[in-house]
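Q: Let me give you the structure first, and then I'll get to my questions.
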């Protein structure tokens, strides 16, 4: 009983502290959302072309190292893993709920020494860049302000960091959220432009 009482008091105190932090940063977050971020569209379009060129080369290399299987298809990749993994690795390889070999990115990255996996991961990464961070980012530019506007969830990530939501809608989607968040450093480095007499920090 004592622990239950102390536990409730402790959690109530933590919730209060978290709420105080959220309340303190909300005005700044609101200003960030309203201000948006300018983006150099021409520079970003040039980056998309580079990604597309890199993707074509990566796909060619993947076909070279795996000429008989389309490893972008889960079933083909699972068959490939069954063929190339040794018995010990195969026995400890994580499985899906249906008993098939998992093809999750994290597992492939841990085993990128396996034939064709490094090439497959490169293709997947470039495809994601183009699909999630390519023309869709340009389409997300507000036609009135000419800027990118996003919604932000304070402490919305697993590590209690600020998480970016969709640039197009008020609804958070995994692809759009991760796309905008992952691309943010790249935008800041080469495509975001500060107004005259201002600097990006």
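The values are calculated or read from the model by the stated rules, or taken from the named source; none is laboratory data. No experiment lies behind these values; they were computed from the predicted model shown. Positions of Cβ are generated from backbone atoms using ideal geometry, with glycine treated the same way; all protein chains shown enter the neighbour counts.
Q: Looking at the range 71-99, which of the residues that are touching a residue at least 24 places away in the same chain (Cβ under 8 Å) and part of a loop (DSSP other than H, G, I, E, B) is farthest from residue 59 (Cα to Cα)?
A: The residue in question is 85.
Q: Now for a different question. Could you tell me which of the residues 110, 117, 137, 126 is within 17 Å of residue 69 (Cα to Cα) and either out of contact with any helix residue (DSSP H, G or I) (no Cβ under 7 Å at 6 or more places or on another chain) or buried (at least 16 other Cβ atoms within 10 Å of the Cβ) (or both)?
A: 117
Q: Look at the range 31-50 and say how many of its residues are crowded, with 16+ Cβ neighbours inside 10 Å and out of contact with any strand residue (DSSP E or B) (no Cβ under 9 Å at 6 or more places or on another chain).
A: 3
Q: Taking into account only those residues within the range 115-159 that are part of a loop (DSSP other than H, G, I, E, B) and at pLDDT 95 or above, which is nearest to residue 56 (Cα to Cα)?
A: 116
Q: Next question. Kindly list the number of the only condition in (1) at pLDDT below 95; (2) surrounded by 12 or more Cβ atoms within 10 Å (Cβ to Cβ) that fails for residue 28.
A: Among (1) at pLDDT below 95; (2) surrounded by 12 or more Cβ atoms within 10 Å (Cβ to Cβ), residue 28 violates only (2).
Q: A further question follows. Just to be sure, is residue 16 loosely packed, with under 13 Cβ neighbours inside 10 Å and at pLDDT 95 or above?
A: No, not satisfied.
Q: Collect the residues in the range 100-123 that are within 17 Å of the chain's Cα centre (by Cα) and touching a residue at least 24 places away in the same chain (Cβ under 8 Å), keeping them in residue-number order.
A: Scanning the range 100-123 gives 122, 123.
Q: With the condition kept exactly as written, say whether any residue in the range 147-161 is over 30 Å from residue 24 (Cα atoms) and either out of contact with any helix residue (DSSP H, G or I) (no Cβ under 7 Å at 6 or more places or on another chain) or surrounded by 15 or more Cβ atoms within 10 Å (Cβ to Cβ) (or both).
A: Looking for residues that are over 30 Å from residue 24 (Cα atoms) and either out of contact with any helix residue (DSSP H, G or I) (no Cβ under 7 Å at 6 or more places or on another chain) or surrounded by 15 or more Cβ atoms within 10 Å (Cβ to Cβ) (or both), one finds none in the range 147-161, hence no.
Q: So which residues in the range 51-60 are surrounded by fewer than 15 Cβ atoms within 10 Å (Cβ to Cβ) and under 13 Å from residue 121 (Cβ atoms)?
A: None; the set is empty.
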